[in-house]
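These notes are about the structure you will find just below.
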Amino acid sequence: MRRRDREMPREFALEMIDKCSYAVMSMVDIDSPYAVPISIARAGDTLYFHCAPEGRKTEILKSYPRVCVVCVGDVKPSRDKFTTEYESAIVTGIARQVLKDSEKEEALRRISEKYTPSNMVHFDAAIKKSLHRTAVWKIDIADITGKRKKYGPDGKELKFGKNLSEF
């Protein structure tokens, strides 16, 4: 990371993953990059996402499972500078398809609780109907970095170790 003054600790990066609205997963398709937005949920050092059991993403992951996942949040363009405030996390790891139904169900529960918590009363019925036709993948975090560019109320950039609550 070039801007070490904006690097944040691992815990920050994990929190960024937990609160991001979506992530973008990048893969290598033979000799070409390919990236897709995914809905993720985290359990410890593992990210989960779901998708259709077939398609370009699935074929790529089966042949070359190394991935990079990017999460960005709290984006706020500056009104008086040519810059943007943001928080981000970047994860690299190996994607593996989840084959055990109990792990698939737990992963889907985590994803559903994150994105549709008010609809969880219908979760069990949905699982019974569609678990067999839903693919679930997991990415064990091999490396993770977090970065932040934020300004305090005084207009000065917050550096590592400074929180907005300190102002």
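The values are calculated or read from the model by the stated rules, or taken from the named source; none is laboratory data. Remember, it's a predicted structure, so these values are computed and weren't measured experimentally. Neighbour counts run over all protein chains shown; Cβ positions are idealised from the backbone, glycine included. Side chains included, ligands, DNA and RNA excluded: accessible areas come from the protein's heavy atoms. Shrake-Rupley method; radii C 1.70, N 1.55, O 1.52, S 1.80 Å.
Values for this structure:
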{"read-out": "Calculated from backbone phi, Karplus (6.51, -1.76, 1.60) coupling profile of the stretch 33-39 in Hz, x at Gly/Pro", "value": "x, 8, 9, 9, x, 9, 9"}
{"read-out": "Other-chain or far-sequence residues with amide H under 5 Å of residue 68's (modelled H)", "value": "26"}
{"read-out": "Selection of chymotrypsin sites (Phe, Trp or Tyr not before Pro), the stretch 53-115, meeting DSSP coil and at most 10 other Cβ within 10 Å", "value": "82"}
{"read-out": "Per-peptide average of other Cβ atoms within 10 Å, ordering 27-33, 14-20 highest first", "value": "14-20, 27-33"}
{"read-out": "All lysines inside 30 Å of residue 81 as judged from Cα atoms, apart from same-chain residues fewer than 8 positions distant", "value": "19, 147, 149, 150, 156, 159, 162"}
{"read-out": "Vicinal HN-Hα couplings computed from phi for the stretch 49-62 (Karplus, 6.51 cos²θ - 1.76 cosθ + 1.60; Hz; Gly/Pro x)", "value": "8, 10, 6, 6, x, 9, x, 4, 4, 4, 5, 5, 4, 5"}
{"read-out": "With all protein chains modelled, accessible area of residue 144 [1.4 Å, Å²]", "value": "20 Å²"}
{"read-out": "For the chain, projected area of the alpha-carbon convex hull averaged over all directions, nm²", "value": "11.9 nm²"}
{"read-out": "Across the chain: Cys residues that no other cysteine approaches within a C-beta distance under 4.7 Å", "value": "51, 68"}
{"read-out": "The stretch 45-94: proportion of alpha-carbon pairs further apart than 11 angstrom, %", "value": "77 percent"}
{"read-out": "Spatial separation of Cα centroids for the stretch 83-102 and the stretch 28-70, in angstrom", "value": "9 Å"}
{"read-out": "In sequence order, calculated HN-Hα J values of the stretch 86-92 (Karplus, 6.51, -1.76, 1.60; Hz; x Gly/Pro)", "value": "6, 10, 8, 9, 10, 10, 10"}
{"read-out": "Mean separation of Cα contacts under 8 Å (6+ apart) over length of the chain, as relative contact order %", "value": "30 percent"}
{"read-out": "Gain upon complete extension [residue 22, residue 115; 0.36 nm per residue less C-alpha separation]", "value": "32.5 nm"}
{"read-out": "Apportionment of accessible area to carbon and sulfur, the chain, percent (1.4 Å)", "value": "52 percent"}
